[in-house]
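Engineer: My questions all concern the structure below.
The values are calculated or read from the model by the stated rules, or taken from the named source; none is laboratory data. This is a predicted model, so every value here is computed, not measured. Because the Cβ atoms are built from the backbone with ideal geometry, glycine has one as well, and the counts that use them run over all protein chains shown. Ligands, DNA and RNA are stripped out before the accessible areas are found, and what is left, the full protein with its side chains, is counted by its heavy atoms. Shrake-Rupley method; radii C 1.70, N 1.55, O 1.52, S 1.80 Å.
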Amino acid sequence: MVNAQQTLFLYFLAAISMNSLDASAAQNIDNPTIYDALINGKSLSQMRLRYEYVDQQNKPKDANAFTLQTLLGWQTANYLDTSITAQLINVSHLNQDFYDNSMGKSLPSQLPTVPDPDITDINQLFIDYSGIPKTKLRLGRQIIRLDNTRFVGDIVFRQVSQVLDGLTVINQAITNSEILIGHYERLRQSTGKYRATNFDIAHFSYQYLPKASVTSYGYFIDQADTGQNTGAANNAHKDLGIRFDGDINISSDWHWLHTIEYAKQSAYQNGSKAIDAYYRKLGLGLGYHQWFVRMDEEILSSNSGLYAFQTPMATAHPFQGWTDLFTTTSKQGIVDHFITVGGSMNKWIALSEWHHLSPDIRFQTPAGLGKYYGSEWDFSLAYQYTQKLQAKFEYAHFSEGDILGATSTQSTRKADMTREWVTLSYQF
């Protein structure tokens, strides 16, 4: 939803643009004007047509969702060390054979969820200032992607992006390094819903090899409710962590892939005392030209079944299987052992994963204690027709292990699920 301040800001930009058109004819070509900055900018526009199919064992009907995402955006060139970015988003439902997880739609008990709401909104609207040496300031509504988006991301896979309203400062004064500091006070989730937030980021990255870096970070979320059913009365928390990630060349043909990451999550401000958990990821792989294979272990630990490690600001879709059954970590935690194979050939891009998912501590089932959530196999194949046009098929199938929950009808259950996507995207 567009608020009054955003509307006034857009009218202000339009007025500047019209005035610059009238004045541009009198300007010397060697003295760039606002008009020059506008016409020499770049488009941030895209159309993404998608069909999504969902077969969920504990739902009587299957979901068949046809949706169209349209992004219309423009980023100006610099004028007086300043640029402006504005982007609108529209997501349209081309049919109604699914539940989109929005407030006004019925049938959640009958149809599986495809969480792509029908929406028209401002997707991005920010000002960049680069007048300070090796520093950029960004103020406004913006997309934030950090590292592999495990902690902070834009949920770009879904039709509605996650965006934040606030200030980001990036400094690259130290060679091969980047410091990012951010403060954000409003969040639009991928469901289209808005939440007031008080979210701070401190992120430092140093590139120690051409394709490898070490990152230290602190994420501070000071809000009583992060929108996740964690069992904690107040979910305000902080994450402090370090990450090593990248490639190491063995020869001109072969290279090692590695990831080592650890983070500690604890209560922040008035957060629940139950918030005490850790995150750990260990991964090793081998690459040959454009192809690779790797094995990883990722743990989101449990605090004795009272609370488990959460990542409410993340792009959760690429993690723990593409069916999105674990976007909120169950209070028993989760351990994911997975194998990934991928690569590209000519215009084809392929990726496949297999996940073995278990809890950090055993969970309650109708028959006793369980130790196995299930397994998932994911596969995608994309064809890049041109630089701007791509077609993609994706498949994900989760097979349930032990039933999570004291009864088989509880909403915590992770039932068998198959999801398929066919997507056609065009940038212009």
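Engineer: To the nearest 0.05, what FRET efficiency results for Ala224 and Glu185 with a Förster distance of 22 Å applied to their C-beta separation? Spell out each step's value before the answer.
Structural biologist: Details: r = 15 Å, r/R0 = 0.67.
The computed FRET efficiency comes out at 0.90.
Engineer: Another one. Where nothing but the Cβ of Lys and Arg (+1) and of Asp and Glu (-1) is charged, how large is the charge dipole of the range 265-370 around its Cα centre, in debye to the nearest 20?
Structural biologist: Numbers: 7 positive and 8 negative charges, 15 e Å.
So the magnitude is around 80 debye.
Engineer: Pick out, from Trp291, Phe326, Tyr426, the residue whose Cα sits farthest towards the positive end of the charge dipole of the chain, with +1 on the Cβ of Lys and Arg and -1 on the Cβ of Asp and Glu.
Structural biologist: Positive-most Cα among the choices belongs to Phe326.
Engineer: Using a 1.4 Å probe and ignoring any ligands, DNA or RNA, find the accessible area of His203 and quote it in Å² to the nearest 10.
Structural biologist: Roughly 10 Å² of His203 is accessible to a 1.4 Å probe.
Engineer: Can you compute 3J(HN,Hα) from phi for each residue in the range 207-222, using the Karplus curve 6.51 cos²θ - 1.76 cosθ + 1.60 with θ = phi - 60°, rounded to whole Hz and x for Gly and Pro?
Structural biologist: Result, ordered by residue: 8, 8, 9, x, 10, 9, 8, 10, 10, 10, 8, x, 10, 10, 10, 9 Hz.
Engineer: Convert 20 °C to kelvin, take the viscosity as 1.002 mPa s, use the Kirkwood radius over C-alpha pairs of the range 275-388 as Rh, and evaluate the Stokes-Einstein diffusion coefficient in µm²/s, rounded to a whole number. Working shown, then result.
Structural biologist: On the way: Rh = 15.7 Å.
Translational diffusion coefficient: 137 µm²/s.
Engineer: With the other protein chains left in place, how much accessible area per residue, in square angstrom, belongs to the chain at a 1.4 angstrom probe? Walk me through the numbers before you get to the answer.
Structural biologist: Details: 20600 Å² over 428 residues.
The answer is 48 Å² per residue.
Engineer: Continuing with this model, one more query. For the range 286-428, which whole-number percentage of the solvent-accessible area (1.4 Å probe, protein heavy atoms only) is attributable to carbon and sulfur atoms? Before the final figure, lay out the partial values.
Structural biologist: Details: 3790 of 6460 Å².
Heavy-atom surface of the range 286-428 belonging to carbon and sulfur, 1.4 Å probe: 59 percent.
Engineer: Additional query: Across the range 255-262, in residue order, what do the Karplus-derived ³J(HN,Hα) couplings come to in whole Hz, using 6.51 cos²θ - 1.76 cosθ + 1.60 with θ = phi - 60° and x for Gly and Pro?
Structural biologist: 8, 8, 10, 8, 9, 9, 8, 9
Engineer: Suppose each label sits 7 Å from its Cα in the direction of the beta carbon; what would the Ile250-Asn58 distance come out to in nanometres?
Structural biologist: 4.4
Engineer: Between Gln384 and Ala202, what is the label-point separation in nm under the 7 Å Cα-to-beta-carbon projection?
Structural biologist: 3.8
Engineer: Then there is this: Over its Cα atoms, what ratio of radius of gyration to 2.2 N^0.38 Å does the range 170-291 give?
Structural biologist: Working: Rg = 18.0 Å, N = 122, 2.2 N^0.38 = 13.7 Å.
The value comes to 1.32.
Engineer: So, one more: For the range 144-156, what does the Karplus curve 6.51 cos²θ - 1.76 cosθ + 1.60, with θ = phi - 60°, yield as ³J(HN,Hα) per residue in whole Hz, taken in order and with x for Gly and Pro?
Structural biologist: Computed from phi, the couplings for the range 144-156 are 10, 10, 10, 6, 8, 6, 5, 10, 9, x, 10, 6, 5 Hz.
Engineer: Let me ask something else about it. Two-decimal Rg/Rh of the range 68-213 from alpha-carbon positions, Kirkwood Rh?
Structural biologist: 1.05
Engineer: Could you tell me, in Å, what Rg and Dmax come out for the Cα atoms of the range 140-213?
Structural biologist: Values for the range 140-213 (Cα only, Rg and Dmax): 13.8, 41 Å.
Engineer: Something else: Around Tyr307, which amide H atoms from residues at least 5 apart in sequence, or from another chain, sit under 5 Å from its own amide H, with H modelled in the peptide plane?
Structural biologist: none
Engineer: Can you pull the Kirkwood radius for the range 241-326, inverse mean 1/r over Cα pairs, to one decimal in Å?
Structural biologist: Numbers: mean 1/r = 0.0665 Å⁻¹.
It is 15.0 Å.
Engineer: On a 1.4 Å probe surface of the protein chains, which of Ser43, Ser304 comes out largest in accessible area, and what is the full order? Mind dumping the intermediate values first?
Structural biologist: On the way: Ser43 50, Ser304 95 Å².
From most exposed to least exposed: Ser304, Ser43.
Engineer: Next question, about the same structure. Averaging over every viewing direction, what projected area does the convex hull of the Cα atoms of the range 323-423 cover, in nm²?
Structural biologist: On the way: hull surface 28.4 nm².
Orientation-averaged projected area of the Cα hull: 7.1 nm².
Engineer: With everything on Cα atoms, drop me the angle between helix 4-23 and the longest principal axis of the chain, reported from 0 to 90° to the nearest 10.
Structural biologist: Computed tilt is about 30 degrees.
Engineer: State, to one decimal in nm², a quarter of the convex hull surface area for the C-alpha atoms of the chain, i.e. the direction-averaged projected area. Walk me through the numbers before you get to the answer.
Structural biologist: Numbers: hull surface 90.3 nm².
Across all orientations, the chain yields a mean hull projection of 22.6 nm².
Engineer: Roughly what would the spin-label model give for Ser45 and Asn346, points 7 Å off Cα along C-beta, in nm?
Structural biologist: 3.2
Engineer: Additional query: Long-range amide H contacts for Thr197: which residues qualify at under 5 Å (H placed 1.01 Å from N, peptide plane, sequence gap of 5 or more or a different chain)?
Structural biologist: Arg186, Leu187
Engineer: With the dipole of the chain worked out from charges on the C-beta (+1 for Lys and Arg, -1 for Asp and Glu) around the Cα centre, which of Leu80, Gln46, Pro60 lies farthest toward the positive end?
Structural biologist: Looking along the dipole axis, the top candidate is Pro60.
Engineer: Count the net charge of all other residues whose Cβ sits under 13 Å from the Cβ of Leu282, scoring Lys and Arg as +1 and Asp and Glu as -1. Kindly include the intermediate steps, with their values, before the conclusion.
Structural biologist: Numbers: positive: Arg243, Arg280, Lys281, Arg294; negative: Asp245, Glu261, Asp296, Glu297, Glu298, Asp336.
Cβ neighbours under 13 Å give a net charge of -2.
Engineer: For the chain, with only Lys/Arg (+1) and Asp/Glu (-1) charged at the beta-carbon, what is the dipole magnitude about the Cα centre, in debye rounded to 20?
Structural biologist: Working: 34 positive and 41 negative charges, 65 e Å.
That gives a dipole near 320 debye.
Engineer: First select every other residue whose beta carbon is under 9 angstrom from the beta carbon of Ser399; then total the charges, Lys and Arg +1, Asp and Glu -1. Kindly include the intermediate steps, with their values, before the conclusion.
Structural biologist: Details: positive: none; negative: Glu376, Glu400, Asp416.
Once all neighbours under 9 Å are counted, the net charge is -3.
Engineer: Rounded to the nearest 20 Debye, what is the dipole magnitude of the range 299-422 about its Cα centre when Lys and Arg each give +1 and Asp and Glu each give -1 at the C-beta?
Structural biologist: Working: 9 positive and 11 negative charges, 39 e Å.
Value, rounded to 20: 180 debye.
Engineer: Can you give the accessible area of Asp222, probe radius 1.4 Å, in Å² rounded to 10?
Structural biologist: 50
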